[in-house]
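Let me begin by presenting the structure, written as structure tokens, before commenting on it.
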Amino acid sequence: MYLQHLVHLGTFIHAYTLLRESQWWGKEKLEEYQLRELKKLLIHAFENVPYYTKLFNKINLKPEDINSFQDLQKIPYLTKEIVRKNLKTLKATNYPEHRFEDISTGGSTGQPLRFYVEKGYWRSRLLAYGIIQRKWTGRSFFDKCLSLTGKTHFAYQQSGRTLVLSSFYLNDDYLALFIQKIRKFKPKHILGYPSAITNLAVYMKKKNLEKFSNVKSILCYAETLYEWQRDLIEEIFQCRVFDTYSLREQVALGSTCRYSNYLHMFPEFGLFEIIGKDGKSVKKEGEIGEIVGTGFHTYIFPFIRYRTGDIGVYTSKKCQCGRNYPLLKRIEGRTQEFIISKTYQIIPLTGVYELVARCSTNVIEYQLYQDTPGEIVIKIIKGKNYSENDSINIKKNFQKRLGAEFSIKIDFVDQITRTKMGKYQFLIQKLPYKIDQ
């Protein structure tokens with residue numbers, strides 16, 4: 001699927017050759033590489049990007065003042081709001097107009113973000129990283145794969161090797177047919193949104209269906225993979241679940257390997273920070289903070305110290321695979337996936353995601369909604385055997401988990417709306433979260 005977008009072979013070869021070698025570099029050599037790439041990006045941004053020229057002059061900072069990763073904190077954050085307001089001045093002036101490709105995020109946080117990438121080149125680089133990631137999971141280019149993603153088509157097949165099933169149709173009306181297609185196709189790997197793969201696993205568990213004997217691995221992407229989802233998927237499919245972390249803004253990229261569930265963050269792709277609520281870098285094992293990324297491949301439209309809105313868990317541990325990449329213990333979710341108590345405490349949803357599923361087998365799908373501190377609305381699509389006892393049990397367990405700081409309400413709905421990309425949102429959060437509040 002990548003080859004149709006491969007425009008610049010030289011760019012791909014350069015990136016792939018580097019990655020094959022650099023993944024085994026020592027920590028010191030990787031950090032030297034990152035600092036060198038960071039300095040090049042900052043010089044370019046100061047000289048060729050009006051927004052950064054103005055910003056650096058305003059704070060009296062020159063690129064040569066940044067001589068360590070700690071010095072990077074002298075540069076203010078780039079936010080989605082700033083990008084929207086400075087779309088023209090963030091474009092590099094030393095690139096011809098035909099090199100700019102206008103793209104946007106999927107809008108899972110409520111409003112899509114528009115920005116620019118370098119036409120052709122960005123896909124060629126992503127292809128190189130994608131092949132490396134594929135090797136980590138033991139997947140061959142020629143293996144048959146099932147893709148569960150946000151396509152509008154009900155189902156179709158690509159080049160004989162990939163069966164694509166739409167996440168928009170993963171419900172009781174179509175799942176029996178989907179499973180027939182999957183068994184007939186006999187994929188060796190499953191790729192897709194965690195929510196879509198979870199829906200498939202829940203259905204198979206509920207119907208006590210036999211696992212797909214051909215499936216050797218599962219790769220999740222585009223959404224946060226939660227531990228309860230990983231446990232359920234591995235239980236049903238009896239194979240390893242791999243995870244990836246990426247953003248269309250190209251500021252951070254990470255993958256798990258076959259040895260651990262830690263996300264290995266590609267240092268060649270960019271520099272990432274985990275910033276706590278005090279605005280300082282997180283340094284304690286297991287501590288959480290917002291991921292702030294600087295993309296090394298974003299010269300045409302630089303993203304420097306970009307607040308991603310994603311919450312990561314810090315670890316200083318090393319994976320036994322032998323790579324010296326910085327690791328993330330896990331992605332905790334997005335800033336929109338934290339609820340706010342009556343006293344304005346920020347509460348992560350750890351231990352909440354699976355509560356409804358644990359409390360009732362008669363819920364087809366559910367979603368949390370918050371627009372008032374201390375109030376949580378649970379939107380539920382009822383199964384045919386749903387009763388008042390299910391509601392009582394769900395409310396009781398939510399109250400036990402969240403305590404007196406929250407009141408719980410249940411609303412029954414006919415459907416849970418997906419994003420335009422077909423992604424599922426566990427929480428619709430209308431209240432603001434700030435890392436420096």
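Can you name every residue in the range 314-331 that is under 19 Å from the mean Cα position of the chain (by Cα) and either within 24 Å of Trp24 (Cα to Cα) or surrounded by fewer than 20 Cβ atoms within 10 Å (Cβ to Cβ) (or both)?
The answer is Tyr314, Thr315, Tyr325, Pro326, Leu327, Leu328, Lys329, Arg330.
Yes/no matrix, rows are residues, columns are (1) aromatic (Phe, Trp, Tyr); (2) in a loop (DSSP other than H, G, I, E, B):
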position	(1), (2)
Phe115	yes, no
Ile132	no, no
Ser140	no, yes
Leu148	no, no
Leu163	no, no
Arg183	no, no
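Quick check on the range 275-295. Is at least one of its residues small (Gly, Ala, Ser), part of a loop (DSSP other than H, G, I, E, B) and closer than 29 Å to Leu19 by Cα? Break it down stepwise before answering.
Initially, the range 275-295 is screened for residues small (Gly, Ala, Ser), giving 276, 279, 281, 286, 289, 293, 295.
Next, only the ones that are part of a loop (DSSP other than H, G, I, E, B) stay: 276, 279, 286.
Now drop any that are not closer than 29 Å to Leu19 by Cα, which leaves 286.
Yes, the range 275-295 contains at least one residue that is small (Gly, Ala, Ser), part of a loop (DSSP other than H, G, I, E, B) and closer than 29 Å to Leu19 by Cα.
Residue by residue, here is whether (1) crowded, with 17+ Cβ neighbours inside 10 Å; (2) farther than 30 Å from Ala222 by Cβ; (3) out of contact with any His (no Cβ under 9 Å at 6 or more places or on another chain); (4) not assigned by TED's automatic domain parsing to the domain that holds Cys220 holds:
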{"residue": "Ile380", "(1), (2), (3), (4)": "yes, no, yes, yes"}
{"residue": "Lys384", "(1), (2), (3), (4)": "no, yes, yes, yes"}
{"residue": "Gly403", "(1), (2), (3), (4)": "no, yes, yes, yes"}
{"residue": "Phe406", "(1), (2), (3), (4)": "yes, no, yes, yes"}
{"residue": "Phe412", "(1), (2), (3), (4)": "no, no, yes, yes"}
{"residue": "Arg418", "(1), (2), (3), (4)": "yes, no, yes, yes"}
{"residue": "Tyr424", "(1), (2), (3), (4)": "yes, no, yes, yes"}
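Would you mind telling me which numbered condition in (1) touching a residue at least 12 places away in the same chain (Cβ under 8 Å); (2) exposed (fewer than 13 other Cβ atoms within 10 Å of the Cβ); (3) under 25 Å from Val117 (Cα atoms); (4) not β-branched (Val, Ile, Thr) Arg36 fails?
Status for Arg36: all satisfied but (1).
Among the strands (runs of 3 or more DSSP E) confined wholly to the range 300-342, which include 1 or more residues that are out of contact with any Leu (no Cβ under 9 Å at 6 or more places or on another chain) and either within 30 Å of Glu405 (Cα to Cα) or among the β-branched types (Val, Ile, Thr) (or both)?
Correct list: 306-314.
Can you tell me which of (1) closer than 22 Å to Glu273 by Cβ; (2) in contact with a strand residue (DSSP E or B) (Cβ under 8 Å, 6 or more places away or on another chain); (3) part of a helix (DSSP H, G or I) is the one Tyr52 doesn't meet?
Unmet for Tyr52, out of (1) closer than 22 Å to Glu273 by Cβ; (2) in contact with a strand residue (DSSP E or B) (Cβ under 8 Å, 6 or more places away or on another chain); (3) part of a helix (DSSP H, G or I): (2).
Within the range 253-274, which residues are of a type outside the set (Val, Ile, Thr) and outside any loop (DSSP other than H, G, I, E, B)?
Once the filter is applied, which keeps residues that are of a type outside the set (Val, Ile, Thr) and outside any loop (DSSP other than H, G, I, E, B), the range 253-274 yields Leu253, Gly254, Ser255, Leu263, His264, Met265, Gly270, Leu271, Phe272, Glu273.
Given the structure, is Val251 in contact with a helix residue (DSSP H, G or I) (Cβ under 7 Å, 6 or more places away or on another chain) and either at pLDDT 95 or above or surrounded by fewer than 20 Cβ atoms within 10 Å (Cβ to Cβ) (or both)?
Against the criterion (in contact with a helix residue (DSSP H, G or I) (Cβ under 7 Å, 6 or more places away or on another chain) and either at pLDDT 95 or above or surrounded by fewer than 20 Cβ atoms within 10 Å (Cβ to Cβ) (or both)), Val251 does not qualify.
Could you tell me whether the range 48-68 includes any residue that is over 30 Å from Cys319 (Cα atoms), in contact with a Phe, Trp or Tyr (Cβ under 7 Å, 6 or more places away or on another chain) and exposed (fewer than 14 other Cβ atoms within 10 Å of the Cβ)?
yes
Pull up the range 101-126, narrow it to residues that are surrounded by fewer than 20 Cβ atoms within 10 Å (Cβ to Cβ) and over 25 Å from Gly309 (Cα atoms), then point me to the one that is modelled with the lowest pLDDT.
So, considering only residues that are surrounded by fewer than 20 Cβ atoms within 10 Å (Cβ to Cβ) and over 25 Å from Gly309 (Cα atoms), the one modelled with the lowest pLDDT is Gly120.
Among Ser260, Ser195, Ser217, which is the only one that is in contact with a strand residue (DSSP E or B) (Cβ under 7 Å, 6 or more places away or on another chain), in contact (Cβ under 8 Å) with a residue 12 or more places away in the chain and either in the same structural domain as Glu81 (by TED's automatic domain parsing) or not small (Gly, Ala, Ser) (or both)?
Ser217
Residue by residue through the range 196-247, note down the ones that are assigned to a loop (DSSP other than H, G, I, E, B) and touching a Leu at 6+ places or on another chain (Cβ under 6 Å). Talk me through it step by step, then tell me what you get.
Here is the first cut: in the range 196-247, the residues assigned to a loop (DSSP other than H, G, I, E, B) are 207-216, 221-226, 238-239, 247.
None - no residue of the range 196-247 is assigned to a loop (DSSP other than H, G, I, E, B) and touching a Leu at 6+ places or on another chain (Cβ under 6 Å), so the list stays empty.
Considering every residue within the range 191-213, establish whether at least one is hydroxyl-bearing (Ser, Thr, Tyr), touching a Phe, Trp or Tyr at 6+ places or on another chain (Cβ under 7 Å) and at pLDDT 95 or above.
Taking every residue of the range 191-213 in turn, none turns out to be hydroxyl-bearing (Ser, Thr, Tyr), touching a Phe, Trp or Tyr at 6+ places or on another chain (Cβ under 7 Å) and at pLDDT 95 or above.
Starting from residues that are in contact (Cβ under 8 Å) with a residue 60 or more places away in the chain and of a type in the set (Phe, Trp, Tyr), keep the ones in the range 129-181 and report whichever is nearest to Ile381 (Cα to Cα).
Phe168
The values are calculated or read from the model by the stated rules, or taken from the named source; none is laboratory data. This one's a predicted model, so the numbers in the text were calculated from it and none came from an experiment. When we count neighbours, we look across all protein chains shown, and the Cβ atoms used for this are built from the backbone with ideal geometry, even at glycine.
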